[in-house]
Amino acid sequence: MRITFALIFLALSGCGAAAEDEAEVTEETVTTGDEAIEEAVPSPPVAWDEMDHEAQARWMMAEVVPRMGERFQAFDAERYADFGCPTCHGPNPRENGFDMPSAALPALPATGTPEQHQMVRDYPEMVRFMFNDVLPTMQTLVGGADFDEETGEGFSCYSCHPHAGDEGTTLIELSAPEGDAGAE
């Protein structure tokens, strides 16, 4: 029921209709900074890749955008004050077909590389937030399969972020939010 393609994140077509079918719900406590958000996080009513574009858009607007917006704003209210489709899909999400991974997101270095270790040192709070809150919540919301290191299949950071070095991407260059030691 879970997928490899995931963070087709925020509102595939921008319609705001609620999801119509029953969804699997898991209880989850998510920590965003000092604040814990305890709630039931639903999985989509059918496998993501079995949904048509309209059903995916409804699910994104009804479940993903509000839940992920809440998390991102709890993490950094100023940076994510205008959380919406462009936050993950870039400035023109409809034009790019809401494709994921998104070239609008920072490209991530390969796991275990010196560049990845540097990213973790430069942005510890952001990395912790993304890995502990965003990744598992989004995985549940889109019904993504657990990542399998042997096959390279399943939901991972690369479901949303491009790999560093992929055509059209640049390495991560974020200003470190307050609390993150970091690259200046």
Exercise. Share of the stretch 52-132's accessible area from carbon and sulfur, percent, 1.4 Å?
Worked result: 51
Problem set entry | residue 146 versus residue 96: modelled label distance in nm, points set 7 Å from Cα along the beta carbon direction | 3.1
For this session: Have a look at 138, 127, 158 and report the one farthest towards the positive end of the charge dipole of the stretch 105-158, computed about the Cα centre with Cβ charges (Lys/Arg +1, Asp/Glu -1).
Result: 127
For this session: Would you tally the net charge around residue 80, using a Cβ to Cβ cut-off of less than 12 Å, leaving residue 80 out, and scoring K and R as +1, D and E as -1?
Result: -2
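The values are calculated or read from the model by the stated rules, or taken from the named source; none is laboratory data. Fair warning: this is a prediction, and the values are worked out from it, not measured in the lab. Neighbour counts run over all protein chains shown; Cβ positions are idealised from the backbone, glycine included. For the accessible areas, the whole protein counts, side chains as well, though only heavy atoms, and no ligand, DNA or RNA atoms are used. Shrake-Rupley method; radii C 1.70, N 1.55, O 1.52, S 1.80 Å.
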